[in-house]
Amino acid sequence: MATAAATILSIDQQQYLLYPTKVSLKSRLLKHLKANKSDQDLIAITAISWNKSIFTKDDLEDVCHKYENSDDVWARGFLSLVILLQPPKMKCTTSSRRIFSLDNSKAKLPAGPLIIEKATGHIFTVAKLQSDTNAAFVSSIMPTTKVKGGFTEYCRSEEVLIPVPSRLYFPENKKKPLNGVRVAVKDSIALKGLRTSFGSKAWLDTYPAELATAPCIQKLVDAGAVILGQVKTTEFAEGVDAAEWIHTVCPFNPRGDGQQEASSSSSGSAAATAAYEWLDVAVGTDTGGSIRHPAGINGCYGQRPTHGRVDLAGVLGATDLFNTVGIFARDVKTFSKVGGYLVDETSHVRVKPTERKFNLLYPTRAPQTQNPDPHHGGQHRWFPHPEVDQSTWTEAEKQIEQTVARMEKLFDCKRIPFNVNELWRATPVVGQPRSLDEAVGHIYSAVTTSSALHTGIDEFVAEYKRENGGREPPISDVVRARLEHGRSVSPEEIADALQAMQAFRGWTENTIFGSYDADSTTILIFPQTCGRPNYRDEVPDRSVLFNDTFSIYAFGYLVGCPDYTLPVAEVPYMSKVTGQTEYLPASISLIGRPGTDLELFDVVEQLHQHGALSDLKAGSRMFSQD
């Protein structure tokens, strides 16, 4: 039964939003509807593309099973009437009075769930309203004709409802390789007609709606992607924990007990991807790890592309020198297809490479370092030294080892253990410290905090004060402290940081990747997340504002390498919240030479085809428990 409340319908106890089409029925079907004595003015129907001359009850049941398996919007409540969309001059024989044929060359209707207004014959498509149970969204959107090529906000609140259109409306289309892919966009990326908050209510209140959609998003839309809404980012896309959010509630990581950190700054992108089966992809940004780490702890695939491969117009961030745009996904096919298209629109027709030699670089800790704290120093992102007894390894390390061993077998190669710090000392760069921490540890904090002020924050603060009687905008303590640090960074310090960056980039290209044949595929692999709990109510120690040590993430932001996060296992832990054993993701990262984005996707696909990677479920567990 369907009941109307403005443009909202309840069908089979689910809420649907109506979208008007340009189609009105003026045929015997409309006469039939008007003759029906039912008091319903809005009739839920199902349209079926049908090229045969007969349609039986068995055919209908087969179509229903197909729709149920392929679409999460269609329901049997749409079977009040069935319309067979047929080619011209074809007549279909059926014994049912509820089934009608229609010449689709004139009607141009999509297959799937539809609504007919009995009084007028107007036909509507529908979108199922989904709840944002994990507080990942800022706003949801709906198609619009008011803003050409833009979007209209449907809902903006702490309890967002997201209209999700039927997958049946988007059949395969060679001209639109991403047709129907459902996408959420980080709220630091411009969408025409919508306001961008950049993680700050004050920013949202200061600036008007965007006049243009960021080219990286428009590229996806032009390929058929369906934008569902904006997802949360931390304040100014800074690295902050859940307890430090002041403008809204931090998204909830769905994995484990549901009370773990969602990480930053693409928190909403990662949490939404991991939580909602009805979402295919979320777009995020990564300056210093804001896609890679959230993907790891929220248990989804994450892509940081080669720096410079994605247009950053319309994208907010601390500095374009490090920032880039990438995606999150749960299944490998979607991850490779959408991520590949983002960096290269011809990627969907790429030819698989011939047999190549593989070099698997395997960075290790010093032999005396065991079971490092994952919250300090980044040492958990190195593998155990080969001399360390495997009985002392963590559960995550043991699980990850199985994946590494499978990679060796699949690609017919042996891992190449090395210690990054020792290699730096053994192959010194002229004019740079012998300690890698001293050489590059300071670059990120100096460049990002200073650049953030000059590329938007200072202008925002001044504009906010003009509009609010001289009042300062609300900014969290940790972010304000970082910005104040940026004001103290001198031009000489910036010049030194940029020189050190170039030195490290050259060293990586020559010493790490340059040591191997350019025609071979060289991949640096490292443990991304280790499946240890990090509760969202824990307040971080900010007595030290920056951890100015070397980070393996630097291969991405200093060298520009593509870096993909791949969940590979679940690790049990005893939850202090539920009092039961729960499971958190363990993940790895693959780093390639700059420009090898599509090669990395090919590697990911091969790992998936041979069972080393799996498609992921939404919710508390990544893998099916059947």
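The values are calculated or read from the model by the stated rules, or taken from the named source; none is laboratory data. On a predicted model such as this, the values are computed, not experimentally measured, just so you know. FYI the Cβ positions are ideal-geometry reconstructions off the backbone, even for glycines, and counts take in every protein chain you see.
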**OP:** Looking only at region 533-564, count how many residues are over 17 Å from LEU600 (Cα atoms), of a type in the set (Val, Ile, Thr) and surrounded by 18 or more Cβ atoms within 10 Å (Cβ to Cβ).
**Re:** 1
Original post:
Counting only residues that are surrounded by fewer than 21 Cβ atoms within 10 Å (Cβ to Cβ), part of a loop (DSSP other than H, G, I, E, B) and modelled with pLDDT of 95 or more, how many does region 597-626 have?
Top reply: 11
**OP:** Examine region 50-66 for a residue that is under 19 Å from LYS108 (Cα atoms) and either touching a Gly at 6+ places or on another chain (Cβ under 7 Å) or touching a residue at least 60 places away in the same chain (Cβ under 8 Å) (or both), and state whether such a residue exists.
**Re:** no
**OP:** May I ask you to list the residues in region 522-570 that are touching a residue at least 24 places away in the same chain (Cβ under 8 Å), charged (D, E, K, R) and over 22 Å from ARG365 (Cβ atoms)?
**Re:** ARG536, ASP537, GLU538, ARG542, GLU570
Original post:
Taking into account only those residues within region 432-453 that are surrounded by fewer than 16 Cβ atoms within 10 Å (Cβ to Cβ) and not acidic (Asp, Glu), which is nearest to the chain's Cα centre (by Cα)?
Top reply: SER435
Original post:
In region 316-338, how many are touching a strand residue (DSSP E or B) at 6+ places or on another chain (Cβ under 9 Å), surrounded by fewer than 23 Cβ atoms within 10 Å (Cβ to Cβ) and of a type in the set (A, V, I, L, M)?
Top reply: 1
Subject >> Tally of residues being within 21 Å of PRO473 (Cβ to Cβ) and in contact with a helix residue (DSSP H, G or I) (Cβ under 9 Å, 6 or more places away or on another chain) across region 193-215 >> reply: 11
Original post:
Any idea which residue in region 274-301 is nearest to ASP563 (Cα to Cα), counting only those that are among the β-branched types (Val, Ile, Thr) and not in a helix (DSSP H, G or I)?
Top reply: ILE291
Original post:
So is SER95 in contact with a Leu (Cβ under 6 Å, 6 or more places away or on another chain), modelled with pLDDT under 95 and of a type in the set (Gly, Ala, Ser) or not?
Top reply: no
Subject >> Verdict on VAL429 being in a loop (DSSP other than H, G, I, E, B) and either crowded, with 16+ Cβ neighbours inside 10 Å or without any contact (Cβ under 8 Å) to a residue 24 or more places away in the chain (or both) >> reply: yes
**OP:** Scan region 242-268 and report the pairs whose first residue is part of a helix (DSSP H, G or I) and whose second residue is crowded, with 24+ Cβ neighbours inside 10 Å and aromatic (Phe, Trp, Tyr), with Cβ atoms within less than 8 Å and a gap of 6+ or a chain change.
**Re:** GLY268/PHE137
**OP:** Mind listing whichever residues of region 150-191 are hydroxyl-bearing (Ser, Thr, Tyr) and without any contact (Cβ under 8 Å) to a residue 24 or more places away in the chain?
**Re:** SER157
Original post:
Based on what the data block shows, is GLY199 in a loop (DSSP other than H, G, I, E, B) and surrounded by 24 or more Cβ atoms within 10 Å (Cβ to Cβ)?
Top reply: yes
Original post:
Within region 571-596, can you find the residues that are touching a residue at least 60 places away in the same chain (Cβ under 8 Å), outside any loop (DSSP other than H, G, I, E, B) and polar (S, T, N, Q)?
Top reply: SER587, SER589
**OP:** Enumerate the strands (runs of 3 or more DSSP E) found wholly within region 3-64, keeping only those where 2 or more residues are more than 15 Å from LEU79 (Cα to Cα), modelled with pLDDT of 75 or more and of a type outside the set (Val, Ile, Thr).
**Re:** 14-24
